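Notes follow the structure.
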Amino acid sequence: MFRGIFSVLYKETIQIRRDPFTLFLILALPLFQLLMFGYAINTNVRNIRTAVYNLDHRRASREIIDAFTNTEYFQIVRWAQSDQELNDLIVAGEVKIGIKIPADYTDNLLKWGRATVLVLIDGSDSSIASQAVAVSNSVGLSQSLRRLLEQHPVPEPALAVEVRPKMLFNPDMRSANFMVPGLIAIILQIITTFLTAFSIVRERERGTLEQLLVTPVRPAGLMLGKLAPYCVIAFLETCGVLVVMRWIFDVPIQGNLLLLLAVAVLFLLTALGIGLLISTRAQNQVQAMQMAYFVILPSILLSGFVFPRESMPAVMQWVGYLIPASYFIEVMRGIVLRGAGWLELWENIAALALMGFLFLTVSALRFRKTLG
Amino acid sequence: MTAILLQELTKRFGTLTAVNSVSLEVNEGEIYGFLGPNGSGKSTVIKLLCGLLEPTSGTAWIAGKNVRQDPEAIREQIGYMSQRFSLYEDLTVEENLHFFGSIYGLSGRLLQNRSREVMQLLDLSGRGRQLAGTLSGGLKQRLALAGAILHQPRIMFLDEPTAGIDPVARRELWDLFFHFSSQGITLFVTTHYMDEAERCTSVGYIYLSQLIATGEPEGLKKLPEVNPSGTRRLEINCHPITQALRILRTAPYVRDATIFGQAIHLLADASASESDIERDLQIQGVTSILVRPIEPSLEDVFVLLTRRQEAARV
């Protein structure tokens with residue numbers, strides 16, 4: 001059943017060795033990507049570019065502006081002189097936030113004890129917008145409270161109900177801790193899928209597949225023989241990205257490293273299996289490329305890497321279940337951040353194992369048929 | 001003993017019939033030349049026989065095994081050399097041989113010895129460490145042949161093995177084919193070259209997916225369709241040859257006239273004598289005329305059979 005596996009393994013190893021530049025790219029590019037994206041993807045919003053249109057100019061107006069800047073969420077970069085200008089600055093993308101303080105701000109505060117400040121928010125970036133809304137509200141609330149206390153002094157001021165959120169597992173709310181484990185899963189998915197997606201279709205294009213198929217090599221032997229060396233490469237890659245995660249992004253691994261590596265191998269086999277399946281179907285390398293993208297894009301968007309799967313429509317959640325990266329991201333975050341073990345994660349691991357087995361079996365079965 | 005047997009072998013790709021009910025038989029140790037124009041189905045037949053394609057209907061036996069039921073057992077017995085170089089260009093000569101040898105279960109000393117033997121036989125010694133991609137066309141063909149013969153197959157399928165290589169390399173390859181044949185190996189060879197076809201033990205001619213003739217070259221030349229009663233074949237050397245051809249094509253006793261190399265081949269009524277022809281040409285100013293009776297060549301046979309087939313279609 002596995003006839004020819006060692007012959008194919010021998011051949012693939014020589015071919016990989018003979019092309020050191022490609023090998024270098026395979027090993028080095030993911031590390032660069034991780035470094036690049038790991039720094040770039042930061043959901044902790046700070047210093048949002050802000051314009052202020054102050055029609056009041058009295059002390060109270062300066063106080064509220066200071067209150068905004070003191071949060072460190074807003075950085076005032078422009079002073080507008082008209083409503084039109086404030087609006088234009090946002091449309092042009094110069095600023096994301098426009099704060100307008102009306103001319104009667106101080107008057108209203110003194111006279112009625114209530115005044116309004118207009119905060120215009122560029123909604124085209126949802127993560128910035130939602131934080132801006134939350135922070136502006138809290139600025140308003142704390143300013144109101146302060147004024148209230150000034151007018152009605154309380155000996156020991158305290159809130160009646162105080163909510164104290166406590167962040168487990170990622171106390172500093174560092175986005176690197178959250179993003180990097182997922183990013184590693186995605187990067188590994190991309191590199192491994194491409195590695196094998198081309199492996200068989202390349203032989204088809206060069207005509208060597210034909211020669212191979214008149215020999216008694218068995219499909220399973222051919223598949224596994226091709227897979228094994230790439231699995232080793234991808235495993236080395238995994239160790240590399242974990243080192244970068246631990247020592248460059250400073251994300252400690254809370255759980256068992258061996259379990260993490262074992263599940264990583266399972267995931268790599270599954271992703272390589274997807275690549276092989278693509279390779280048995282595609283007639284040429286361009287097709288293989290298209291198909292690989294077809295797999296990779298959902299892995300990025302639907303796996304819970306970027307958007308939480310809980311907030312997706314039910315259908316998309318189900319699609320997510322068909323994506324191996326969904327399970328591996330769960331496992332990565334579980335082990336790295338929460339220190340979860342086999343007991344907590346076995347369902348994800350079992351799902352990965354099942355998918356890997358299925359992909360490899362189907363590609364071996366499909367293989368003979370593609371000749372006709 | 002029969003090495004290859006085809007029974008109404010048919011392959012369709014959608015609505016296109018690539019191989020239409022081909023039946024033929026090749027005996028052990030024969031060199032079977034498989035001829036036909038491009039696109040007539042030669043390569044498809046070879047791919048069917050090697051198990052690269054599955055027949056739509058009909059069947060074939062290779063070394064006594066059915067291609068439909070026992071393709072894996074057949075793979076052990078056959079060697080295949082495809083039209084285009086299909087070994088690994090980024091492996092050396094030796095690595096290619098070791099790879100293919102090991103798939104067939106050769107290993108260790110046996111594999112070493114066999115590789116060395118084959119490299120010697122095919123004059124590849126000293127090139128063991130050269131990358132296959134850097135070999136010349138002729139050497140590539142020999143390496144491909146080495147890969148196909150390494151595991152000592154009983155039957156070899158060679159798809160246009162001599163296409164695009166120089167005449168010397170071509171002759172050397174054919175010497176090897178005869179060497180293999182003398183060892184009892186059956187060779188199934190496709191070619192476009194008539195001189196190669198003449199050297200085969202038997203030949204088959206496929207035209208528009210149908211096998212229209214098969215047999216020994218000598219037998220085919222004696223077919224009644226090729227030698228219609230009341231006709232004779234003549235070869236004419238003369239000058240200028242194109243003018244002579246024009247004259248002859250209008251002569252009442254000429255049934256067919258074609259230029260072959262430096263001469264005209266003529267299928268004429270048996271009543272036409274050499275002197276009649278000579279006289280007719282001389283009158284029109286053709287000089288240095290030499291007319292002699294000849295046997296039909298294989299090319300004559302195939303040209304004639306093709307025309308008959310086309311006439312039958314219309």
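Structure data summary
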read-out	value
Hits in the stretch B:286-314 - residues which are β-branched (V, I, T) and either within 26 Å of B:Y193 (Cα to Cα) or in contact (Cβ under 8 Å) with a residue 24 or more places away in the chain (or both)	B:V286, B:T287, B:I289, B:V291, B:I294, B:V301, B:V303, B:T306
Some residue of the stretch B:112-124 being open to solvent by 10 Å² or more (accessible area, probe 1.4 Å), without any contact (Cβ under 8 Å) to a residue 12 or more places away in the chain and within 12 Å of another protein chain (Cβ to nearest Cβ)	no
Members of the stretch A:339-366 that are under 18 Å from A:L257 (Cα atoms), in contact with a helix residue (DSSP H, G or I) (Cβ under 8 Å, 6 or more places away or on another chain) and open to solvent by 60 Å² or more (accessible area, probe 1.4 Å)	A:W342, A:E344
Candidate set: the stretch B:281-314, residues that are part of a helix (DSSP H, G or I) and open to solvent by less than 40 Å² (accessible area, probe 1.4 Å); chosen: the one farthest from B:G219 (Cα to Cα)	B:L281
Number of positions in the stretch A:16-52 that are modelled with pLDDT of 90 or more, under 30 Å from A:N87 (Cα atoms) and not hydrophobic (A, V, I, L, M, F, W, C)	2
Yes/no for B:R127 being outside any helix (DSSP H, G or I), away from chain A (no Cβ under 11 Å), more than 26 Å from the chain's Cα centre (by Cα) and farther than 24 Å from B:T190 by Cβ	yes
Output for the stretch B:233-252, where each listed residue is open to solvent by 60 Å² or more (accessible area, probe 1.4 Å) and in contact (Cβ under 8 Å) with a residue 24 or more places away in the chain	B:H239
Members of the stretch A:108-147 that are assigned to a helix (DSSP H, G or I), of a type in the set (A, V, I, L, M, F, W, C) and open to solvent by less than 100 Å² (accessible area, probe 1.4 Å)	A:L109, A:I128, A:A129, A:A132, A:V133, A:A134, A:V135, A:V139, A:L145
Any pair with Cβ under 9 angstrom, 6 or more apart, that starts in the stretch A:8-23 at a residue that is within 11 Å of chain B (Cβ to nearest Cβ) and ends at one that is of a type in the set (D, E)	A:Y10/B:E95; A:K11/B:E95; A:I14/B:D90; A:I14/B:E95; A:Q15/B:D90; A:R18/B:D90; A:D19/B:D90
Check on A:D250, at positive phi, open to solvent by 80 Å² or more (accessible area, probe 1.4 Å) and acidic (D, E)	yes
Verdict on B:N96 being under 26 Å from B:L35 (Cα atoms) and either at pLDDT 90 or above or among the aromatic types (F, W, Y) (or both)	no
Residues satisfying the stated conditions in the stretch B:148-159, i.e. buried (at least 21 other Cβ atoms within 10 Å of the Cβ), out of contact with any Gly (no Cβ under 8 Å at 6 or more places or on another chain) and outside any strand (DSSP E or B)	B:D159
Unmet requirement for A:S175, which otherwise passes all of (1) among the small types (G, A, S); (2) surrounded by fewer than 21 Cβ atoms within 10 Å (Cβ to Cβ); (3) closer than 23 Å to A:I274 by Cβ	(3)
The stretch B:10-27, residues that are open to solvent by 30 Å² or more (accessible area, probe 1.4 Å) and not in a loop (DSSP other than H, G, I, E, B)	B:R12, B:F13, B:L16, B:T17, B:N20, B:S21, B:S23, B:E25, B:N27
Filtered residue count, the stretch A:307-321, keeping only those that are aliphatic (A, V, I, L, M) and free of Cβ contacts under 8 Å to residues at least 12 places away in the same chain	3
Residue that is surrounded by fewer than 19 Cβ atoms within 10 Å (Cβ to Cβ) and in a helix (DSSP H, G or I), where the choices are A:F294, A:F307	A:F294
Selection count where residues are more than 7 Å from every other protein chain (Cβ to nearest Cβ) and open to solvent by less than 10 Å² (accessible area, probe 1.4 Å), scope the stretch A:210-221	2
Any hit, the stretch A:47-60, residues being within 26 Å of the chain's Cα centre (by Cα), away from chain B (no Cβ under 11 Å) and surrounded by 14 or more Cβ atoms within 10 Å (Cβ to Cβ)	yes
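Here's the yes/no breakdown for (1) in a helix (DSSP H, G or I); (2) of a type outside the set (A, V, I, L, M); (3) within 14 Å of another protein chain (Cβ to nearest Cβ); (4) within 19 Å of the chain's Cα centre (by Cα):
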position	(1), (2), (3), (4)
A:G225	yes, yes, yes, no
A:I233	yes, no, no, no
A:V244	yes, no, no, yes
A:Q254	no, yes, no, no
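The values are calculated or read from the model by the stated rules, or taken from the named source; none is laboratory data. Note that the structure is predicted; figures quoted are calculated from it, not measured. Don't worry about glycine lacking a Cβ; one is built from the backbone with ideal geometry, like all the others, and counts go over all protein chains shown. Heads up: the accessible areas ignore ligands, DNA and RNA and are worked out on the full protein's heavy atoms, side chains in. Shrake-Rupley method; radii C 1.70, N 1.55, O 1.52, S 1.80 Å.
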